[in-house]
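Notes follow the structure.
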Amino acid sequence: MSVSSIRPALITEVLPDSIGADVGFEPGDAIVSINGTRPRDLIDYQFLCADEFLEIEVIDSQGKTHHIELEKDYDESLGLEFETALFDGLIQCNNRCPFCFIDQQPPGKRGSLYLKDDDYRLSFLYGSYLTLTNLPQSEWDRIAQMRISPLYVSVHATEPEVRSFLLKNHRAGQILEQLKWFQKHRLQIHAQVVVCPGINDGVHLEKTLRDLAEFHRGDIPAVASVAVVPVGLTRFRPPEDELIAVSQEKAREVIKQVQDLQDTFKQELGSTCVWLADEWFLIAREELPPESDYEDYPQIGNGVGSIRKFLGEFETAFERVKWESGNGGASPRRWTWVVGNAVELAFKPIVARLNGVEGLRVEMVALASDYWGQEITVTGLLTGQDLIAGLQGRDLGDGVLLPSLMLKTGDNRFLDDLTVAEVEATLQTKIVAVNGVDELVAIASNVTGG
C-alpha cells in the first residue's frame, strides 16, 4: 500500500471531557501521522494510540499543520471519531456471487448502496463478511502480525468447485487452505453459509458443515462459529442467476439436516458450533429454538437467535417498567407498530403483553415488501414505499413505531432513498424510530404522555 494513497484521518466528532477535547481537537481537523507513522485505518490508529507518549501531526480545517505532543495512560482513548474507518480506501470485491444483495437492487439510488467491499478491516471492526479472495500476501502478513481476529468469512461451500462456481472466482477454491492458515496462526473466523437450493444444499451442505466443524477444536478454534442462512432474492436480481427461492419444504429439510448435525457436534465438540438463522424457522412456520440453544449468541449479527433474544429482552424491560394504572379518563394511547411479516407470529406475544396494559393499544402491522418483490420479508428490508403502500388509508392512531434497523445508520433514509419525513408527510402521521427493546417499552409505557 503506497503511503501517498493514505489520506489524513478526518475528525468528525470530539467527545466531551476527553483528552482530544482538552488538547483542542475540533471537527474538521485531520490526523496525518502518529509517532511518525501514517495510520491506514482505524486499526492502525487504535494501535498507535496505545502508546503513552504521542507525537501527532494534524492539519486543521484551515489547512494549517500542527505538531502536538501529549502523554496519557496506556489504554486511554483520545475521544476522537472519524469520517470513515478506512483512510487508504476500500478493498473492493471482485467476485460475482449471484446472490449478492448489491446486484439485486434497482439502479439510481445512493452510491453507497452499490459499494462491494471485501475488506478484512471492516470485517474485524464491524462484523461484515468477506470472502478472502481479494487479499494480497501483504495483507495476510498484516493480519498475522497485528493479530486481527476474529474475522467474519462467507464460506458457502468448502468443495473447491462448488465455492468457485458460487463466487465466480477460481481463487475461491482455496478456502480449506486458508482455514488451515488461521489455525496455524491461532486466529479465528466466524463463518457463514448462504444456502442456495440446488447448488450448495443437500450433500454439499453436509460436507461444508462437517469440514468447518473440524476447525472447531482446541483452545482457540480457527472456526469459532458457523451460521447457516437462506438465500434472499429480490425482483431486481439478474434473470440468468440460476437461483431458486427457499420454499417452506426446503426450509424444513434444512432445519432437520442441520439440527441432526448439531446433535453430533454437541457430543463430539462440546458445542453446537453451527446455528440456523431465524429466517429458516420463519419460512418453515416452525417454532424457534429455546434461548438455551444459542449459547452466547456468537452469530447474533447474522440473525441467529435475534428474535429469541429480542423476546427475552422485552420481558425483562416490560417487568422493569412501573406501568401506570389507567390514564385518568383520557383516550387510550394508540400506536401502530410496523414489522416485516416474517416476524409476525413470533412477535404476537409482545403485542398481547402491551395491550394488556390499561390505557395502551398497540396494533402490529406486518408487511411484505412489494418493493423487493418478496412474499416473506424481514423487518430491516422494508422500505418507505412499502410503508406507504401498507399503511395508507389506515387509522394509525397517535403515530407509527418504526424499528430503526429499517433506516441507514446515522440517517433517516430507507433502502429506497425515501426519508422518514417524506413518509410522514404522505401518511400524515408521526413516525417514531425505535432503537431496540428499551425504547419500545419506554415509548409504550408513556400511556398518558404526548
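I'm trying to understand the selection: among the residues of the range 301-340, which are within 30 Å of ILE255 (Cβ to Cβ), modelled with pLDDT under 90 and open to solvent by less than 70 Å² (accessible area, probe 1.4 Å)? So that I can check it myself, show each step before the final result.
To start, the set of residues in the range 301-340 that are within 30 Å of ILE255 (Cβ to Cβ) comprises 301-318, 337-340.
Checking the rest, the ones that are also modelled with pLDDT under 90 come to 301-303.
Within the range 301-340, ASN302, GLY303 meet the criteria.
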For ASP211, only one of the following conditions fails: (1) without any contact (Cβ under 8 Å) to a residue 60 or more places away in the chain; (2) over 26 Å from the mean Cα position of the chain (by Cα). What is its number?
(2)
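Got a sec? Which of ARG217, ARG237, ARG210 is under 25 Å from LEU132 (Cβ atoms), assigned to a helix (DSSP H, G or I) and either in contact with a helix residue (DSSP H, G or I) (Cβ under 8 Å, 6 or more places away or on another chain) or among the polar types (S, T, N, Q) (or both)? Give the steps one after another, and end with the answer.
Working: ARG217 fails: assigned to a helix (DSSP H, G or I); ARG237 fails: assigned to a helix (DSSP H, G or I).
Sole residue among the options that is under 25 Å from LEU132 (Cβ atoms), assigned to a helix (DSSP H, G or I) and either in contact with a helix residue (DSSP H, G or I) (Cβ under 8 Å, 6 or more places away or on another chain) or among the polar types (S, T, N, Q) (or both): ARG210.
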Please work out which one of (1) over 19 Å from VAL423 (Cβ atoms); (2) open to solvent by less than 60 Å² (accessible area, probe 1.4 Å); (3) at pLDDT 90 or above is the condition GLY359 fails and give its number.
(3)
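So which residues in the range 156-196 are open to solvent by less than 10 Å² (accessible area, probe 1.4 Å), without any contact (Cβ under 8 Å) to a residue 60 or more places away in the chain and not in a strand (DSSP E or B), if there are any at all? If you could, list the steps in order and put the result at the bottom.
The first filter runs over the range 156-196 and keeps only residues open to solvent by less than 10 Å² (accessible area, probe 1.4 Å), leaving 156-158, 163, 166-167, 172, 175, 179, 182, 187, 189, 191, 193, 195-196.
Right, trim to without any contact (Cβ under 8 Å) to a residue 60 or more places away in the chain and you get 156-158, 163, 175, 179, 182, 187, 189, 191, 193, 195.
Those that are open to solvent by less than 10 Å² (accessible area, probe 1.4 Å), without any contact (Cβ under 8 Å) to a residue 60 or more places away in the chain and not in a strand (DSSP E or B): HIS156, ALA157, THR158, ARG163, ILE175, LEU179, PHE182, LEU187.
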Going residue by residue through the range 347-370, is there one that turns out to be in contact (Cβ under 8 Å) with a residue 60 or more places away in the chain and closer than 22 Å to ALA227 by Cβ?
no
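Restricting the search to the range 428-441, which residues are farther than 23 Å from PHE347 by Cα and touching a strand residue (DSSP E or B) at 6+ places or on another chain (Cβ under 7 Å)? Full working, then the answer.
Keep residues of the range 428-441 that are farther than 23 Å from PHE347 by Cα, which gives 428-429.
Hit for the range 428-441 is THR429, nothing else.
I'm checking my understanding of the structure. Among residues of the range 21-56 that are more than 15 Å from TYR74 (Cα to Cα) and either in contact with a His (Cβ under 6 Å, 6 or more places away or on another chain) or of a type in the set (Gly, Ala, Ser) (or both), which one is most open to solvent (accessible area, probe 1.4 Å)? Working first, answer last.
Of the range 21-56, the ones more than 15 Å from TYR74 (Cα to Cα) are 21-33, 36-44, 56.
With either in contact with a His (Cβ under 6 Å, 6 or more places away or on another chain) or of a type in the set (Gly, Ala, Ser) (or both) added as a condition, the list becomes 21, 24, 28, 30, 33, 36.
Values: ALA21: 44, GLY24: 42, GLY28: 29, ALA30: 13, SER33: 14, GLY36: 72 Å².
Checking each candidate, the answer is GLY36.
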Exactly one condition in (1) closer than 26 Å to LEU243 by Cβ; (2) in a loop (DSSP other than H, G, I, E, B) is not met by VAL226; state its number.
(2)
Would you confirm whether or not the range 396-406 contains a residue that is touching a residue at least 24 places away in the same chain (Cβ under 8 Å), over 21 Å from ASP438 (Cβ atoms) and either surrounded by 19 or more Cβ atoms within 10 Å (Cβ to Cβ) or more than 21 Å from the chain's Cα centre (by Cα) (or both)?
yes
For the range 1-20, the count of residues that are open to solvent by less than 40 Å² (accessible area, probe 1.4 Å) and either among the small types (Gly, Ala, Ser) or without any contact (Cβ under 8 Å) to a residue 12 or more places away in the chain (or both) equals 3
Please verify whether the range 257-272 includes one or more residues that are touching a helix residue (DSSP H, G or I) at 6+ places or on another chain (Cβ under 8 Å), in a loop (DSSP other than H, G, I, E, B) and not basic (Lys, Arg).
yes
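The values are calculated or read from the model by the stated rules, or taken from the named source; none is laboratory data. Computed from a predicted structure; not experimentally measured. When we count neighbours, we look across all protein chains shown, and the Cβ atoms used for this are built from the backbone with ideal geometry, even at glycine. Note: areas computed on protein heavy atoms with side chains; ligands, DNA, RNA excluded. Shrake-Rupley method; radii C 1.70, N 1.55, O 1.52, S 1.80 Å.
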